[in-house]
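Reading through the structure tokens given below for one structure.
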Amino acid sequence: MESHELVQLIQGIPKAELHLHIEGSFEPELMFEIAKRNNIALDYDSVESLKKAYKFNNLQEFLDIYYIGAQVLIHEQDFFDLTWAYLTKVHSQNVVHVEVFFDPQTHTDRGVPFEVVINGIYKALEKGQQELNISFKLIMSYLRHLSEESAFKTLESSLPFKDWVDGVGLDSSELGNPPSKFANVFKASAQHGYKLVAHAGEEGPSEYIWEALDLLKVVRIDHGNRCLNDNALVERLVHEKMALTLCPLSNVALKVIQKMEDHPVVTMLDKGLLATIHSDDPAYFGGYMNENYYETARALQLTKDQLEQLAVNAFEASWLSRETKDNHIAEVKQYFKGLN
Ligand code: ADE
Ligand code: ZN
């Protein structure tokens, strides 16, 4: 297929985004604009010099820059603008459903109140639902480099906004911070009605995926690349129809893999795993949903059937109702039928 045909094909697929950190969608241009109006000096003198710093050898090198960028977010309007910019961008890519992570502790630890953060994000998501017809879920992520006690405080802060928060996640520095560290707060989160997901097996070993399943009782694994080292784990994930929310451009940018051609998504589909494709931190890793689909499809020569499967899997793995999932899946199938 010619590359412009592939671009067009991917553009037309109705897509669901299930692995997106809203702070990771912070484009340098908007970062500079918000820094200026908040009178905050960035360490970089231009968008270009900031972008030049976006070269990472591992997850931690990325996180160090990502947390610095987030420091310019102070007011509700800042969080609103960040979220609205993301929604308008993905609307142009035919993304029709999003499940968005935010990292409360990145902001509350700087003195920005939880309600300021969530009000800005939630109001933009509601506007996106009304004006762009993008449905949404909101996931609050605990930072795993911090203590479980700090996660408990975050859980407490979220309770007045319980109706707005659909689930909790676990992100940040994986190595040395196993899921077991957060078993109690995940249990308490479930008792408050939150759904559970966790990043596992991005840089960390397959044991962390077992822990996320057995100790945290998650309903999806974010990344999960490392499961392929462990046949018994793969069997379990297939049997439980456990989704793995993969982020191919992220994996290349953070050197989880050396090059896109090495990405495990085809191997995973062949093994019957519920693999899905998402963008993680699109402002830092070179692309949103369409670019992730495109770069993966090109490097791995994905077939139309595989692209269809990936798009269907994302709706299947979403937290939409059975009926709404089925409607989206029917649309995806209809779209691919119309291509032939
Ligand atoms: N926070 C934002 N992006 C992340 C990633 N890819 N892994 C862990 N924590 C993150
Ligand atoms: Zn992530």
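What follows draws every value from the coordinates through simple rules; no lab data is involved. These numbers were taken from a predicted model, which means no experiment stands behind them. In this analysis, Cβ positions are derived from the backbone assuming ideal geometry, glycine residues included, and neighbour counts consider all displayed protein chains.
Tabulated data
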quantity	calculated
Selection count, the range 5-50, where residues are more than 17 Å from the chain's Cα centre (by Cα) and within 16 Å of ligand 1 (Cβ to nearest atom)	1
Index of the failed condition, LEU20 passing every other in (1) more than 16 Å from ligand 2 (Cβ to nearest atom); (2) crowded, with 16+ Cβ neighbours inside 10 Å; (3) within 30 Å of LYS333 (Cβ to Cβ); (4) not small (Gly, Ala, Ser)	(1)
Yes/no for ALA183 being surrounded by fewer than 19 Cβ atoms within 10 Å (Cβ to Cβ) and within 30 Å of SER147 (Cα to Cα)	yes
Any hit, the range 25-48, residues being within 16 Å of ligand 2 (Cβ to nearest atom) and in a helix (DSSP H, G or I)	yes
The listed residue being in contact with a Lys or Arg (Cβ under 8 Å, 6 or more places away or on another chain), away from ligand 1 (no atom under 14 Å from the Cβ) and among the basic types (Lys, Arg), out of LYS181, LYS123	LYS181
Test: ASP222 is more than 16 Å from ligand 1 (Cβ to nearest atom), at negative phi and either within 19 Å of the chain's Cα centre (by Cα) or not small (Gly, Ala, Ser) (or both)	no
Residue match in the range 236-255 (condition: acidic (Asp, Glu) and within 30 Å of LEU87 (Cβ to Cβ))	no
Near pairs, Cβ below 6 angstrom, 6+ apart or cross-chain, from the range 253-281 (within 21 Å of ASN313 (Cα to Cα)) to any residue that is hydrophobic (A, V, I, L, M, F, W, C) and in a loop (DSSP other than H, G, I, E, B)	HIS263/ILE257; HIS278/CYS247; ASP280/CYS247
Those helices (runs of 4 or more DSSP H) lying entirely in the range 70-132 with at least 3 residues out of contact with any strand residue (DSSP E or B) (no Cβ under 7 Å at 6 or more places or on another chain) and more than 18 Å from ASN38 (Cα to Cα)	76-91, 114-132
Meets criteria (hydroxyl-bearing (Ser, Thr, Tyr), within 16 Å of ligand 1 (Cβ to nearest atom) and either in contact (Cβ under 8 Å) with a residue 12 or more places away in the chain or surrounded by fewer than 19 Cβ atoms within 10 Å (Cβ to Cβ) (or both)) for SER206	no
Complete set of residues in the range 237-276 that are within 14 Å of ligand 1 (Cβ to nearest atom) and either buried (at least 17 other Cβ atoms within 10 Å of the Cβ) or among the aromatic types (Phe, Trp, Tyr) (or both)	LEU244, THR245, LEU246, CYS247, PRO248, LEU249, SER250, ASN251, VAL252, ALA253, LEU254, VAL256
Among (1) under 19 Å from VAL90 (Cβ atoms); (2) within 16 Å of ligand 1 (Cβ to nearest atom); (3) of a type outside the set (Gly, Ala, Ser) - the single one VAL312 does not satisfy	(2)
Answer residue from the range 64-107, given it is within 29 Å of ASN313 (Cα to Cα) and among the aliphatic types (A, V, I, L, M) and is farthest from ligand 1 (Cβ to nearest atom) among those	VAL96
Within the range 186-203, considering residues that are buried (at least 18 other Cβ atoms within 10 Å of the Cβ) and not in a strand (DSSP E or B), the one nearest to ligand 2 (Cβ to nearest atom)	GLU202
Candidates LEU233, LEU269, LEU228, LEU249 - the one that is in a helix (DSSP H, G or I) and touching a Cys at 6+ places or on another chain (Cβ under 6 Å)	LEU233
Odd one out for ALA198, checked against (1) in contact with a Pro (Cβ under 7 Å, 6 or more places away or on another chain); (2) away from ligand 1 (no atom under 12 Å from the Cβ); (3) under 22 Å from HIS263 (Cα atoms); (4) among the small types (Gly, Ala, Ser)	(2)
